[in-house]
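J.: Structure incoming, see below.
What follows is calculated from the coordinates using simple rules that are stated; it is not laboratory data. Note that the coordinates shown come from a computational prediction; the quantities given were computed from them, not determined experimentally. Positions of Cβ are generated from backbone atoms using ideal geometry, with glycine treated the same way; all protein chains shown enter the neighbour counts.
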Amino acid sequence: MQKYPLIIIPTYNESTNVVRMIHTLMALDLEVDILFVDDGSPDGTAERIKEEQHAYPNRIHLIEREGKLGLGTAYVRGFEYALQHDYELVCEMDADFSHPPEDVLKLVEAVKSGNTDIAIGSRYANGISIVNWPLSRLILSYGANIYARLITGLPVKDTTAGFKCIHRRVLDAISLNRMRSNGYAFQIELHFRAWKAGFRLQEVSIIFREREEGISKMSKGIVREAIWRVWALKIRSLFGQL
């Protein structure tokens, strides 16, 4: 097994963030490898990452894809890479600093301790821990998580959280090739499949901050997918089709 955790970061037009993110993660009191999955960013994101690869040989990895193929498929591709290269601990996070990089330490430690199989960086585990979101966005997110919990029964307050550490045994077990969600519903599906397979999920409270650079990827299509996807997951689980 690989010694260091692998942090998977999907990117699309994140050239203003990736260099600072690399330097921040490399400065943690924990040695990590980073895998960027870039969807053909026209702003030169991949080029910025390649420049940093020279400074951190064999620690910064990059998968370049043709066009904007979506968040869910980016993570699946990253998970496949992690399994192929024998990583035991796999993290996922955003490139825009909305997820505090220093909290990678807490997530990794929670899984390494053996107390959980997935440690979720949660915005709602301790009240509401979000900075600089407009009220409309907060209501949408909080309401969506209540909705997802009611339909699926997930014992997780932040079902759509995209900041987590996962033990490879989860990825080995949940049939990545059957994952169908491609927006924020992907996180709900990942949590749901892991929970139904008997794995332990633990929420670790974080403070989520709205991105400082770049543009949010939220869209109406992503919201619509999440609305119907939770019903699809629930129905398929009832018929043993997960």
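J.: Which of ALA110, ALA119, ALA55 moves most in a GNM of the chain, Cα contacts under 10 Å?
T.: Result: ALA55 has the largest fluctuation of those listed.
J.: Given 0.36 nm per residue, what is the gain on full extension from ASN132 to ASP86 after removing their alpha carbon distance, in nm?
T.: Separation in residues times 0.36 nm, less the Cα-Cα distance, equals 12.7 nm.
J.: Is any helix in the chain, taking whole DSSP H runs, at least 18 angstrom long along its axis by alpha carbon and on average at least -0.5 on the Kyte-Doolittle scale, and which ones?
T.: Result, helices passing both filters: 71-84, 135-152, 220-238.
J.: Moving on. Could you give the alpha-carbon Rg of the chain over 2.2 N^0.38 Å, rounded to two decimals?
T.: Taking N as the residue count of the chain, the ratio is 0.95.
J.: Fewest Cβ neighbours within 10 Å first, please rank TYR87, TYR81 accordingly.
T.: Fewest to most other Cβ atoms nearby, the residues stand as TYR81, TYR87.
J.: Pairs LYS3/LYS157; LYS157/LYS196; LYS3/LYS234; LYS112/LYS234: which are spaced more than 27 Å apart, C-alpha to C-alpha?
T.: From LYS3/LYS157; LYS157/LYS196; LYS3/LYS234; LYS112/LYS234, over 27 Å: LYS3/LYS157; LYS3/LYS234; LYS112/LYS234.
J.: In addition: Which longest uninterrupted range of the chain lacks any GluC sites (Glu not before Pro) assigned by DSSP to a loop state (not H, G, I, E or B) and surrounded by at most 15 other Cβ atoms within 10 Å?
T.: 67-209
J.: How would LYS196, LYS157 line up from fewest to most surrounding beta-carbon atoms within 10 angstrom?
T.: By the 10 Å Cβ count, ascending, the order reads LYS196, LYS157.
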